[in-house]
Amino acid sequence: MTKTLLTFGDSNTHGTPPIVTPGLYGRFGPEDRWPKVAAAVLGSDWLLVEEGLPGRTTGLEDPIMGAHMNGQAGLRIALESHGPIDVLTIMLGTNDLKTRFAPSVARITAGAAGLLDIALSEPMQTRHGGFKVLLICPPPVVETGPIRDQFWGAETVGPHLAANFRALAAARGVGFFDAGSVIKVSAQDGIHYEPDAHRALGAALAEAIFAL
């Protein structure tokens, strides 16, 4: 029986390469995007829906990039646009570390909690006939590269997210995976992942999905 995986996230789910020149759009090919890698490992009886939007937050309207960066609004749209799904992965929090959002562990964890509240709500679960959720904590940001000024102070917050995300996932009864346990951000921009990191993450997440 065919199963459907919905991968919900930001530029690192979309497949944005490490930034060299700000403002230039780029995207890795299918072989170098972790959702595609994970789907290949899962096998031919799985369908993949990629829902990665560069700039997306856990639940904040970005005054620069736009209100549509609010991940909670985006998740509702995604869950009502696709289906039925069997597994939802959520990997957000990197963009919440931007200085303009006055980031804190508590604030970002609260945003993730809001996403889980939507995913686990009775209307959404009923709509899809029930689905499992895997909450993924992104690896810590490093303040380097061409847009490091947007993430000033991120290094003091990012490394502490995984413990809170893990506790949140346990409280909500969903799966958890710490992406920082298998990959690091690129030294080029401190935010995005190199192709080898995408491939490693995709393989690891496929195993985590199998274990749900």
Task: Rounded accessible area per residue of region 53-195, 1.4 Å, Å² - done: 42
Open item on the list: I need the Kirkwood Rh of region 94-188: take the reciprocal of the average 1/r across all distinct C-alpha pairs and report it in angstrom.
Closed with: 14.3
- [ ] Sort ASP117, ASP149, ASP96 by accessible area with a 1.4 Å probe, largest first.
- [x] ASP149, ASP117, ASP96
Task: Projected label distance in nm at GLU31 and ALA106, using a 7 Å step from Cα toward the beta-carbon - done: 4.9
- [ ] Output the antiparallel fraction of DSSP beta bridges having both residues in the chain, as a percent to the nearest 5.
- [x] 5
Open item on the list: For a distance above 24 Å, tell me the whole-number percent of Cα pairs in the chain that qualify.
Closed with: 35
Task: THR2 paired with LEU212, simple spin-label distance in nm, labels 7 Å along Cα-to-beta-carbon - done: 1.8
Open item on the list: Among ILE64, PRO30, VAL41, which residue has its Cα furthest toward the positive end of the charge dipole of region 12-81, with +1 on Lys/Arg Cβ and -1 on Asp/Glu Cβ?
Closed with: ILE64
Open item on the list: With a cut-off of 8 Å between alpha carbons and a minimum separation of six or more residues, what is the relative contact order of region 35-149 in percent?
Closed with: 26
- [ ] On the protein heavy atoms, probe 1.4 angstrom, tell me the percent of accessible surface of region 1-142 carried by carbon and sulfur.
- [x] 57
Open item on the list: Net charge around THR58, counting only other residues with Cβ within less than 10 Å of its Cβ (Lys, Arg = +1; Asp, Glu = -1)?
Closed with: 0
- [ ] Calculate the radius of gyration of the Cα atoms of region 147-206 to one decimal place, then report Dmax, the largest Cα-Cα distance, as a whole number, both in Å.
- [x] 13.3, 37
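The values are calculated or read from the model by the stated rules, or taken from the named source; none is laboratory data. Not measured: the values here are computed from a predicted model. Ideal geometry is used to build each Cβ from the backbone, glycine not excepted, and the neighbour counts take in all protein chains shown. We work out accessible area using only protein heavy atoms, side chains counted, and drop any ligands, DNA or RNA first. Shrake-Rupley method; radii C 1.70, N 1.55, O 1.52, S 1.80 Å.
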